[in-house]
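Report on one structure; see the data block that follows.
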Amino acid sequence: MTAVTTAGIRVPKAAELVAGTIRRQIITGELLEDHLLPSESALMEQFRVSRPTLREAFRILESESLITVRRGVHGGARVQIPNGDVAARYVGYVLEYRGTAMADVYRARAEVEAPLARLVATSATPDEECLARAEAHLDDPSADEEFHRLMAELADNRPSP
């Protein structure tokens, strides 16, 4: 008979488990944007955890921009729906850490945008308002990011809300 070892297995902390449960509720739409979470005491009872554990879970979710916590009488934890800002920031950190040159970023974007432009060109019914917004940015270098976002929108190449 062999013994089962736990070497190398990391057991999650209670705060991580609580954060994971609330995160899943946000991701699946069970908790909607701007929804106020129950009081700390109600959540402590629901999850059977201490106040410090619950607050650590809140810090985890705040760092992921999934909730905002306001202190005081009218405070509490409010749900924020996920957006690309956190992912973009993290990708930026990775690229910067690896010493990625902006020229490499532009080359990668060019590789993605050629097929994207084909999608726009072949789309059956492009949104006229969106086309007008994109056209308005053609000669405005400061609106570069908005133009590329509109290209993705025109190609219908974005996640559904």
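For the stretch 7-49, the tally of residues that are in contact with a Phe, Trp or Tyr (Cβ under 9 Å, 6 or more places away or on another chain) and of a type in the set (S, T, N, Q) stands at 1. Here Ile9, Ile67 are screened, and the one residue that is touching a helix residue (DSSP H, G or I) at 6+ places or on another chain (Cβ under 6 Å) and either in the same structural domain as Met151 (by TED's automatic domain parsing) or over 24 Å from His148 (Cβ atoms) (or both) is Ile67. Taking the stretch 16-62 as the range and being part of a loop (DSSP other than H, G, I, E, B) and out of contact with any Lys or Arg (no Cβ under 9 Å at 6 or more places or on another chain) as the test, the residues that pass are Thr28, Gly29, Leu31, Leu32, Pro38, Ser39, Arg48, Val49, Ser50. So, of the residues in the stretch 48-99 that are loosely packed, with under 14 Cβ neighbours inside 10 Å and hydroxyl-bearing (Ser, Thr, Tyr), which turns out to be nearest to Gly29 (Cα to Cα)? The qualifying residue nearest to Gly29 (Cα to Cα) is Ser63. Which one is nearest to Ala15 (Cα to Cα) among residues in the stretch 72-90 that are touching a residue at least 40 places away in the same chain (Cβ under 8 Å) and β-branched (Val, Ile, Thr)? Among them, the one singled out is Val79.
Arg158 meets all of the listed conditions (1) within 30 Å of Leu36 (Cα to Cα); (2) charged (D, E, K, R); (3) outside any loop (DSSP other than H, G, I, E, B); (4) at pLDDT below 90 but one, namely (3). Could you check Val69 against (1) farther than 13 Å from Ala19 by Cα; (2) touching a residue at least 24 places away in the same chain (Cβ under 8 Å); (3) touching a Leu at 6+ places or on another chain (Cβ under 9 Å) and say which number it fails? Failing condition for Val69: (2). Taken over the stretch 63-78, residues that are part of a loop (DSSP other than H, G, I, E, B), charged (D, E, K, R) and within 27 Å of Val91 (Cβ to Cβ) amount to 1.
The values are calculated or read from the model by the stated rules, or taken from the named source; none is laboratory data. The structure presented is a predicted model; accordingly, all values stated were derived computationally and were not measured. Counting neighbours? That spans all protein chains shown, and the Cβs are built from the backbone with ideal geometry, glycine included.
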